[in-house]
Amino acid sequence: MARVVLVNDTFPVSPPRAWAEIDLGALQQNLTIARQTHGEALMAVVKAGAYGHGLEEIARALAAENIAFFGVANVGEARRIRSAGVETRIYLLGATWSEEREEIVARDWTPCISSIDEAVQFNRLAAACGKRLKVHLAVDTGMGRGGFVADRLPEKFAQLERLENLEIEGIGSHLPSADEDEEFTRRQFKQFHAIIQELGGAARFKWMHLSNSAGLLGYDPGLCNLSRPGLMLYGVSPLPGFQEKLATVMTLKSRVTLVRDLPAGHGISYGRQFVTTRPTRVATIGIGYGDGYPRHVSGKGADVWIRGRRLPILGRVTMDQMMVDVTAAEDVIEGDEVEIFGPNIPVAEIAAKADTVVWEIFTGITPRVLRCYRS
Ligand SMILES: *Cc1c(COP(=O)(O)O)cnc(C)c1O
């Protein structure tokens, strides 16, 4: 049996019950697709531990790819990228705490600015260091999460431009429904372009960015010369019709820990919501919601993949284990590898059955799940 072997000094091995195989070659392929679709300049979004794929490893894998920025959620993630020896510029996607700004200035990370107050503090800190800090102007064209609202923007922009130790090198906004509402999104692109024109035109900004993965795949970039893909780099398209172009990066795996024959009328798992109606061969699998597999798929007809077959999960997913009907697959034995999601079981299918989005499934994979990398 091919096992992922972890050696421990006292006892020989303790193979993990659940692990994620991460294909860095597939990541590079998806990056290439992003560039072919939009153009060279990309901000690779690596927030939340690179969507659960491992921040340091993904940042190192992309470091040589001439990425314009890494997009992170907070200063902690920025520090981890630098500690991993990666020098790519860092862009902070959300608001920063006032206490963090000294470090941001000192280390030349790039914040987005949503208020005059933030800008004034950054300007003062940059002056104290004797530098001009590059910042991006965030504008709110419909997301409602950050940025300046369009009202009286030229006036505020003029105020910002008077801050001598800030260089407003970019302007960005965000798309709340590029994968749900095409008409609204088209209007947003138009509004963003109009704002750029109003603030001095495309020549005024080195970087203009609006698109996440769905924006990049589904819309004409117009004036935008930078996009901020996250999900598509990890192999999942938020828009239908593009999935075939992308390569699977993460395959979540586990193993069969037990195979047992249960009689008809036997309950399976908590709440006994599933009861066998015939003699049933049941495999117990070593993964559960404690690993981040969504308990919400219980009873929704989700499958796993064992020995080339789709096989259904029975009853509720428990914390560390779940049960699968292997009656139709007599060759399944203890120790068999199980694909929980990956090339054969699309993660989008699991997300839909759990009534959530792929972003949440990826970022919900817990630290107990060993990440293994292949290049
Ligand atoms: C997370 C995020 C992205 C990436 O979105 P995907 O849909 O994963 O491509 C882009 N821009 C901002 C501001 C984000 O917060």
Original post:
Can we say residue 304 is touching a residue at least 12 places away in the same chain (Cβ under 8 Å) and assigned to a strand (DSSP E or B)?
Top reply: yes
Subject >> Selected residue [more than 17 Å from residue 365 (Cβ to Cβ), crowded, with 21+ Cβ neighbours inside 10 Å and within 24 Å of the chain's Cα centre (by Cα)] from 303, 291 >> reply: 303
Original post:
Is there a residue being more than 14 Å from the ligand (Cβ to nearest atom), touching a residue at least 40 places away in the same chain (Cβ under 8 Å) and of a type in the set (Lys, Arg) anywhere in the stretch 33-46?
Top reply: no
Subject >> Of all residues in the stretch 194-238 being in contact with a Gly (Cβ under 9 Å, 6 or more places away or on another chain) and charged (D, E, K, R), the one that is nearest to residue 41 (Cα to Cα) >> reply: 228
Original post:
When residues of the stretch 142-176 are filtered for being of a type in the set (S, T, N, Q) and under 23 Å from the mean Cα position of the chain (by Cα), how many remain?
Top reply: 1
Original post:
Within the stretch 222-258, which residues are assigned to a loop (DSSP other than H, G, I, E, B), of a type outside the set (A, V, I, L, M) and either surrounded by 22 or more Cβ atoms within 10 Å (Cβ to Cβ) or away from the ligand (no atom under 14 Å from the Cβ) (or both)?
Top reply: 222, 224, 225, 228, 229, 230, 235, 237, 238, 240, 241, 248
**OP:** Report, ordered by the first and then the second residue, all pairs with beta carbons closer than 6 Å, sequence separation of six or more or different chains, a first member in the stretch 60-83 that is within 13 Å of the ligand (Cβ to nearest atom), and a second member that is aromatic (Phe, Trp, Tyr).
**Re:** 69/91; 71/91
Subject >> Positions within the stretch 338-353 being touching a Phe, Trp or Tyr at 6+ places or on another chain (Cβ under 9 Å) and away from the ligand (no atom under 16 Å from the Cβ), in sequence order >> reply: 338, 339, 340, 341, 342, 343, 344, 345, 349, 350
Original post:
Mind checking which pairs have a first residue in the stretch 178-196 that is assigned by TED's automatic domain parsing to the domain that holds residue 228 and a second that is assigned to a helix (DSSP H, G or I) and basic (Lys, Arg), Cβ under 7 Å, 6 or more apart or different chains?
Top reply: none
Original post:
How about the stretch 173-221: which of its residues are within 14 Å of the ligand (Cβ to nearest atom) and in a helix (DSSP H, G or I)?
Top reply: 185, 188, 192, 213, 214, 215, 216, 217, 218
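The values are calculated or read from the model by the stated rules, or taken from the named source; none is laboratory data. Remember, it's a predicted structure, so these values are computed and weren't measured experimentally. For neighbour counting, all protein chains shown are included, and Cβ atoms are generated from backbone atoms with ideal geometry for every residue, glycine included.
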